[in-house]
Amino acid sequence: MDRVLSQEEIDKVFRNLRDDGDDDPAKRALPYDFRRPDRIAKDQLRAIHLLHENFSRSLASSLSAYLRAYVAVNLVSVEQLSFMEFSQCLPSPTCLVSLGMMPFEGAAVLELNPALVFPIIEMLLGGAAKSPLKVAREITEIEQSVMDGIFRIILQDLKGAWHSVTPLEFEIMAHETEPQLLRILAPNEAVVAVSIEVRIGENSGMMNIGIPSIVIKMLRHKFDQQWSVRKSESTEEEQARIMRLIRPAQIHLDGRLVGPTMSVEDLMDLKEQDVLTFDYPVGRFIDLTINGKLKYHGRVVMAGGKRAFQIEEAHGQ
């Protein structure tokens, strides 16, 4: 049934609409933590991810040769955290070293889980470390000395991986067992955390690397230069190197006299005294194909008692 609204009812409807549509910006605002570290560009994080994938493959080969056992190294994640968040993710106690990064003033962190350290020590001391070892204690100074060889291999491969971006020299500055006692960065300073899983037989553990974000930002143009496609003229030495590489390559040459075609049925019907007209002028060039592709036109000649092909023109000219 039809019903006419009064002016009071109409005003009430509009008041309700205004109340429901009260979109105060202050209500939609989210709290912002000014201590949050500046973010690194996603493309740069992808470049760091690819760099440490190469590092993982290289480290797997190096550790396998050093320990004389099969070692699998897999990159798990690359993300940006505050140094406090990074240190809270590490087990306690653990095996920690702070790394100098020459020529930069920043210091990085390298951590090996106890689940990985003690099986390595056992293998270096002559054991097999076939069964999983669960040791929850601090590493001793003697065990740290035993692990120095492992750290040298890790840092050498890490240096080689970063060499594609910039020359970096990693040097061990200090050893530590408690992440909370490592005071090389401010708690709110950003780091790029690289998590890598290392598996040796039935034993597996994590290796974590923390690199100051400020160092990564300083190398932004280096990453751009590495992944950008640059066109440059090749030098004579480069041309000679390419020529040496392709000189032993084998190619197939085929000189073809292309003429009219006929069906098999017509060929079967041929009789004695029949005449076939090829309609191929004597002066017409023969096609020369290289690996199945037409490249030149010319004619068949004799050279030194052997048949040869004399190139008259390139295809398409």
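Look through region 64-89, keep the residues that are assigned to a helix (DSSP H, G or I) and among the small types (Gly, Ala, Ser), and return whichever of them is nearest to Ala174 (Cα to Cα).
At the first step, the residues of region 64-89 found to be assigned to a helix (DSSP H, G or I) are 64-67, 83-88.
Remaining after also requiring among the small types (Gly, Ala, Ser): 64-65, 87.
Values: Ser64: 26, Ala65: 27, Ser87: 16 Å.
By that ranking, first place goes to Ser87.
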Using the structure shown, decide if Ser82 is under 23 Å from Glu189 (Cβ atoms), touching a helix residue (DSSP H, G or I) at 6+ places or on another chain (Cβ under 8 Å), among the polar types (S, T, N, Q) and touching a residue at least 12 places away in the same chain (Cβ under 8 Å). no
Quick count over region 97-113, residues being over 25 Å from the mean Cα position of the chain (by Cα), assigned to a strand (DSSP E or B) and surrounded by fewer than 22 Cβ atoms within 10 Å (Cβ to Cβ), is 1
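Residues of region 83-96 being aliphatic (A, V, I, L, M) and surrounded by fewer than 19 Cβ atoms within 10 Å (Cβ to Cβ), which ones?
Just the residues of region 83-96 that are aliphatic (A, V, I, L, M), to begin with: 84, 90, 96.
Passing the criteria: only Met84.
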Could you say whether any residue in region 267-286 is more than 30 Å from Ala41 (Cβ to Cβ), at pLDDT 75 or above, touching a Gly at 6+ places or on another chain (Cβ under 9 Å) and not basic (Lys, Arg)? yes
Quick one: Ser92 ticks every box in (1) in a helix (DSSP H, G or I); (2) under 24 Å from Glu176 (Cβ atoms) except a single one, so which number is it? (1)
Would you say Ser98 is among the hydroxyl-bearing types (Ser, Thr, Tyr) and in contact with a helix residue (DSSP H, G or I) (Cβ under 9 Å, 6 or more places away or on another chain)? no
Filtering region 99-110 down to residues that are modelled with pLDDT under 90 and closer than 14 Å to Gln180 by Cα yields none
Can you go through Ala128, Ala136, Ala161 and tell me which one is under 24 Å from Tyr70 (Cβ atoms), aliphatic (A, V, I, L, M) and exposed (fewer than 14 other Cβ atoms within 10 Å of the Cβ)? Ala128
Every residue in region 180-195 that is outside any loop (DSSP other than H, G, I, E, B), modelled with pLDDT of 85 or more and either surrounded by fewer than 21 Cβ atoms within 10 Å (Cβ to Cβ) or touching a Gly at 6+ places or on another chain (Cβ under 6 Å) (or both), please. Val191, Ala193, Ser195
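Can you say whether Ile121 is in contact with an Asp or Glu (Cβ under 9 Å, 6 or more places away or on another chain), within 21 Å of Leu63 (Cα to Cα) and in the same structural domain as Phe55 (by TED's automatic domain parsing), as far as the supplied structure shows? Walk me through it before giving the result.
On the way: in contact with an Asp or Glu (Cβ under 9 Å, 6 or more places away or on another chain): yes; within 21 Å of Leu63 (Cα to Cα): yes; in the same structural domain as Phe55 (by TED's automatic domain parsing): yes.
Yes: the conditions hold for Ile121.
Counting only residues that are hydroxyl-bearing (Ser, Thr, Tyr) and outside any helix (DSSP H, G or I), which one in region 131-171 is nearest to Leu219 (Cα to Cα)? Steps first, please.
Of region 131-171, the ones hydroxyl-bearing (Ser, Thr, Tyr) are 131, 140, 145, 164, 166.
Restricting the remaining residues to those that are outside any helix (DSSP H, G or I) gives 131, 140, 164, 166.
Numbers: Ser131: 43, Thr140: 37, Ser164: 12, Thr166: 8 Å.
Going through the qualifying residues, I end up with Thr166.
The values are calculated or read from the model by the stated rules, or taken from the named source; none is laboratory data. In this text the structure is predicted, and so the values were computed from the model without any measurement. Cβ coordinates were reconstructed from backbone atoms using ideal geometry, including for glycine residues, and neighbour counts include every protein chain displayed.
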